[in-house]
1. Please note which strands (runs of 3 or more DSSP E) are completely contained in the stretch 44-152 and include at least 1 residues that are buried (at least 21 other Cβ atoms within 10 Å of the Cβ) and in contact with a helix residue (DSSP H, G or I) (Cβ under 7 Å, 6 or more places away or on another chain).
2. Of the residues in the stretch 16-43, how many are outside any helix (DSSP H, G or I) and either out of contact with any strand residue (DSSP E or B) (no Cβ under 9 Å at 6 or more places or on another chain) or modelled with pLDDT under 95 (or both)?
3. If I filter the stretch 164-175 for residues that are assigned to a loop (DSSP other than H, G, I, E, B), under 19 Å from residue 116 (Cβ atoms) and out of contact with any helix residue (DSSP H, G or I) (no Cβ under 7 Å at 6 or more places or on another chain), do I get at least one hit?
4. Quick check: is even one residue across the stretch 163-174 more than 17 Å from residue 236 (Cα to Cα) and in contact (Cβ under 8 Å) with a residue 12 or more places away in the chain?
5. Taking residue 141 as the residue in question, decide whether it is closer than 27 Å to residue 36 by Cα and in contact (Cβ under 8 Å) with a residue 60 or more places away in the chain.
6. From the list 79, 178, 129, 95, exactly one residue is within 27 Å of residue 63 (Cβ to Cβ), in contact with a strand residue (DSSP E or B) (Cβ under 8 Å, 6 or more places away or on another chain) and modelled with pLDDT under 95. Which is it?
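The values are calculated or read from the model by the stated rules, or taken from the named source; none is laboratory data. The structure presented is a predicted model; accordingly, all values stated were derived computationally and were not measured. Ideal geometry is used to build each Cβ from the backbone, glycine not excepted, and the neighbour counts take in all protein chains shown.
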């Protein structure tokens, strides 16, 4: 059995037949030895039979039942934990991400970065479509984190990222609700002073179905990790314990 160099993690929820096009594009564009995990929350998810049909002709594809709890954050956590490759790339099933960049992101991690981000907000990047308010918040967060916290990407909130799986397993993932894992892991890498890199990407709003991103519901979690990105250097043990509480307590002791 070929050991994969990259694990592609795709959280899904009732994508139905649309997953076939997504998997076909990823299958064509990913040239590195890979495994492609279609992570679903329930056996009856409409994505499963179509993904399994693709898997019959592409052995890289596997459907994986998430046992960590429902929702995209838990599906992504579960997928990264199941990864056999040293690099995990998270991408969406809705066609918004460019699968041609999966190999490029994975190679950046292979060269030594902890997080490699596909950036909509650096020169050469673009976001096409999507709710205006969400775009504004995301762009503002990305720019301020880049300018003031010195996070190594202008697009810390984008989910389309590659991770060193050993880094993720060292620091853990606290997120349990939405899509804030990309921000969480970028913030943790920044506090550890680990390298974060970015490449420009063109993000396209989904053409089929509706987005499940709820700004009001997910904003508190995003703010938690946004503010955590600022601060002095921490150790892996400090970040892995309870990073937000731990860092606040330690910094208050230093200032006191």
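1. Result: 61-65, 87-90, 115-119.
2. 3
3. no
4. No: zero hits.
5. no
6. Within the list 79, 178, 129, 95, the selection yields 95.
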